[in-house]
1. Residue pairs, Cβ under 7 Å, 6 or more apart or interchain, first in the range 364-387 and under 20 Å from Ala46 (Cβ atoms) and aliphatic (A, V, I, L, M), second open to solvent by 20 Å² or more (accessible area, probe 1.4 Å) and in a helix (DSSP H, G or I). List them.
2. Tally up the residues in the range 125-174 that are of a type in the set (Gly, Ala, Ser), open to solvent by 10 Å² or more (accessible area, probe 1.4 Å) and touching a residue at least 24 places away in the same chain (Cβ under 8 Å), please.
3. Among the residues of the range 230-244, count how many are open to solvent by less than 60 Å² (accessible area, probe 1.4 Å) and more than 31 Å from the chain's Cα centre (by Cα).
4. Could you check, for the range 398-419, whether at least one of its residues is at pLDDT 95 or above, outside any helix (DSSP H, G or I), aromatic (Phe, Trp, Tyr) and farther than 23 Å from Lys17 by Cα?
5. Considering the range 174-226 alone, what residues qualify as being within 23 Å of the chain's Cα centre (by Cα) and among the hydrophobic types (A, V, I, L, M, F, W, C)?
6. Might you let me know whether the range 454-473 holds any residue that is surrounded by 11 or more Cβ atoms within 10 Å (Cβ to Cβ), within 30 Å of Gly7 (Cα to Cα), under 23 Å from the mean Cα position of the chain (by Cα) and aliphatic (A, V, I, L, M)?
7. Tell me the residue from Lys214, Lys178, Lys209 that is farther than 30 Å from Tyr19 by Cα, among the charged types (D, E, K, R) and open to solvent by 60 Å² or more (accessible area, probe 1.4 Å), please.
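The values are calculated or read from the model by the stated rules, or taken from the named source; none is laboratory data. Just so it is clear, the structure is predicted and the values come from calculations on it, not from any experiment. In this analysis, Cβ positions are derived from the backbone assuming ideal geometry, glycine residues included, and neighbour counts consider all displayed protein chains. The area values use the complete protein model at the heavy-atom level, side chains included, leaving out ligands, DNA and RNA. Shrake-Rupley method; radii C 1.70, N 1.55, O 1.52, S 1.80 Å.
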Amino acid sequence: MDKQNIGIDDISLYVPKLYLPLSVLAEERNIEYAKLNKGLGLTSMAIPDVNEDAATMAANAVLELIKKNNLNPSDIGRLYLGTESALDGAKPTATYILDMIQQYFEAEYGPNSMEHCDVLDMTFACIGAVDAMLTTVDWVRAKPGRIGIIVSSDFAKYDLSSTGEYTQGAGSIAMLIKENPRFITISEDTGVSTGPAHDFFKPKRKVCKSSLAKRLSNELNLDTVSIKKVLDALEPDDSVLLLHKDTPVFDGPFSNACYKSRVESALENFKYNSKTDMNAPILDTWERMIFHLPYAFHAKRICTDLVIKNLKLKGTFDQILADNDLSEDDPKFAKLFSKTDYYRSFVNEKLEKSQRASSLIGNMYSCSIFLALISSFHYDLIEDSDLEGKKIGFFAYGSGAKSKVFEGTVNKEWKSVIDGVKLQDKLDNRNSISYSDYEDIHRMSLDTALSSAGGFVLESINEEVGDQYGARSYRLL
């Protein structure tokens, strides 16, 4: 067996059954819809129902993957989850997924059918699932015959009225990793670039209870001592309240700059590690380029520098400048270059198809690069593109900040694999919600699920103070 022939054998997608049209949000926020739709490529965003979370979405994606491949759960040696929507600071969200899958198959395979499966959460913002996939590819390569499942699951939630709100999205993608994969073989070589940055993060915040009590007392004209007693009841052992929010602290322009610099550095590192000529125009060797997409049009907006460098390596950059009467010294050069026929043709050939599903679902954080992969191949399937044996470039990014660049080779059965994802069916089988329903879900003030669709759902969270306080339980609808 060729030791290189390890990769993605199959892939499945779970999309929440609810979505909010961006036209509705734009009207509510008094934003011109065209700025979101034509400017960023945004059409709608997936919204998890009140009984959905990272575990249920992942379990639904994993169950579909197992069932359509007729896998025996006991044969799965690894279940690794990439997420930044973890449900606990210690207990891996992957253990909840394992529990749901075991319960589903108990009648057929007996209890604890995945007892010997290694489970783990991997978190590095939006690149965690790529980390999980690449380490699992190496794990399979080390001992042929192993099979593992990698699942990404996230809810990209931003504060109401923030500049990130309209990029929200959610869902889960599961992948079967094994030898001789039907879909895509993953290269042994990976380019990595890491540089610590606070471009996007979800910090633990602390609030002094005494200071908070004084402030509330002044604002509400209430007794400070009484307020302090209420705060002490919430947290009797500490002088502070620790707060954690699902919504991030972020700096959009800074994050874009981090994304660009890390990707460019990781690409150079990939060329070095793969022993590619450092002066080779490597972008020309990739039939498609798959990027992490925090919003649909992000890749084509940040890819200009990569394309310009590629043209310089080819020796055709000066001719492009002359043909378009451009000067690299122009402060608006990057924007003007992006409007050239050459760049538009490049985007249409290598990037455009990967944007389409993101436009309809939104940012899926750790899933986004794999949604771009599904989207690109889905529309290539419709167009009957000839991709077998072609090379694909992957550009992953996680805030904080890290990028990984790697390569895939498309295998013979890619069409049947992509057809089995049923992307269009899943997009069509969703319900539009009103702005008021969206806001109720966002504020967590809605108690009853809006959708009655089947699958794994969150049943309850234990609210009794004691040994099981906060424990989550799930069931199958």
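1. Final answer for the pair search is none.
2. Residues in the range 125-174 being of a type in the set (Gly, Ala, Ser), open to solvent by 10 Å² or more (accessible area, probe 1.4 Å) and touching a residue at least 24 places away in the same chain (Cβ under 8 Å): 4 in total.
3. Result for the range 230-244: 4.
4. Within the range 398-419, one or more residues are at pLDDT 95 or above, outside any helix (DSSP H, G or I), aromatic (Phe, Trp, Tyr) and farther than 23 Å from Lys17 by Cα.
5. Result: Ala174, Met175, Leu176, Ile177, Phe183, Ile184, Ile186, Val192, Ala197, Phe200, Phe201.
6. no
7. Lys214 is the lone residue from the list that is farther than 30 Å from Tyr19 by Cα, among the charged types (D, E, K, R) and open to solvent by 60 Å² or more (accessible area, probe 1.4 Å).
Residues checked against (1) acidic (Asp, Glu); (2) within 20 Å of Met364 (Cβ to Cβ):
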{"residue": "Ala61", "(1), (2)": "no, yes"}
{"residue": "Glu64", "(1), (2)": "yes, yes"}
{"residue": "Asn70", "(1), (2)": "no, no"}
{"residue": "Ile76", "(1), (2)": "no, no"}
{"residue": "Gly82", "(1), (2)": "no, yes"}
{"residue": "Ala86", "(1), (2)": "no, yes"}
{"residue": "Gly89", "(1), (2)": "no, no"}
{"residue": "Thr93", "(1), (2)": "no, yes"}
{"residue": "Ile101", "(1), (2)": "no, no"}
